[in-house]
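The values are calculated or read from the model by the stated rules, or taken from the named source; none is laboratory data. These figures come from a predicted structure and were not determined experimentally. Cβ atoms come from the backbone with ideal geometry, glycine included; neighbour counts cover every protein chain shown.
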Amino acid sequence: MEKETFDTLWKYCTDNNRLCPMPTKWIKLFEMLKNKTQDKPSLPLILAGWEHTVPLQKYLVFKEHIQWASDNKQIEEIGIYLRSLPEENWAHYGEILTKNMSKEISKKQLTSQEREAKREAELKRLNDPNNPGRQAELEMAKLLER
């Protein structure tokens, strides 16, 4: 096996659409890093950070951790750890939704459900034989559906 470098490890970490390790594995990686200070390197984006950040933010912080390992002569040790993780212990692009994105999707789904309920109520009203403008409205509705 060739000597581990930042480039070889980063290539591995980004192969197969990998984004970063899943939170429990990422925190273990962070705990392995030496020479940390109070604000360097950045904390892993887990817990609320996992839910409230976009994939690019996770990618950049994870890359910072790999660079930190390289700068602190830990690239071999960190490489062994990361290469030992099964694929299911990695987050991949397209798999992660932030909490805000999930809320937006739910909101859109709720809106479409509300639209459907409104459409059904309107059809019921149009089909009501006691509605004086029923025939004209039915014709208009048919035209709009086309």
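Things to note:
- Every test in (1) assigned to a helix (DSSP H, G or I); (2) at pLDDT below 80 is passed by ILE66 save one, and that test is (2).
- Listed by first and then second residue, the pairs linking a residue in region 67-92 that is among the charged types (D, E, K, R) to a residue that is in a helix (DSSP H, G or I) and surrounded by fewer than 20 Cβ atoms within 10 Å (Cβ to Cβ), with Cβ atoms under 8 Å apart and 6 or more places separating them unless they lie on different chains, are GLU77/MET32; ARG83/TYR12; GLU87/ASN16.
- For region 33-42, a residue qualifies if it is surrounded by 14 or more Cβ atoms within 10 Å (Cβ to Cβ) and of a type outside the set (S, T, N, Q), and the qualifying residues are LEU33, PRO41.
- Residue in region 17-26 that is in a helix (DSSP H, G or I), crowded, with 19+ Cβ neighbours inside 10 Å, touching a residue at least 24 places away in the same chain (Cβ under 8 Å) and charged (D, E, K, R) present: yes
- Residues of region 43-75 classified as among the charged types (D, E, K, R), surrounded by fewer than 18 Cβ atoms within 10 Å (Cβ to Cβ), out of contact with any Lys or Arg (no Cβ under 8 Å at 6 or more places or on another chain) and on the phi < 0 side of the Ramachandran plot, total: 3
- Qualifying position, being surrounded by fewer than 18 Cβ atoms within 10 Å (Cβ to Cβ), touching a residue at least 12 places away in the same chain (Cβ under 8 Å) and touching a helix residue (DSSP H, G or I) at 6+ places or on another chain (Cβ under 7 Å), among PHE6, PHE30: PHE6
- Residues that are part of a loop (DSSP other than H, G, I, E, B) and either among the hydroxyl-bearing types (Ser, Thr, Tyr) or touching a helix residue (DSSP H, G or I) at 6+ places or on another chain (Cβ under 7 Å) (or both), drawn from region 75-93: LEU85, TYR93
- Selection of region 28-84 for residues being aromatic (Phe, Trp, Tyr) and closer than 21 Å to THR5 by Cα yields PHE30, TYR59, PHE62, TRP68, TYR81.
- Residues (charged (D, E, K, R) and more than 26 Å from ASN35 (Cβ to Cβ)) located in region 50-99: GLU51, GLU87, GLU88, GLU95, LYS99
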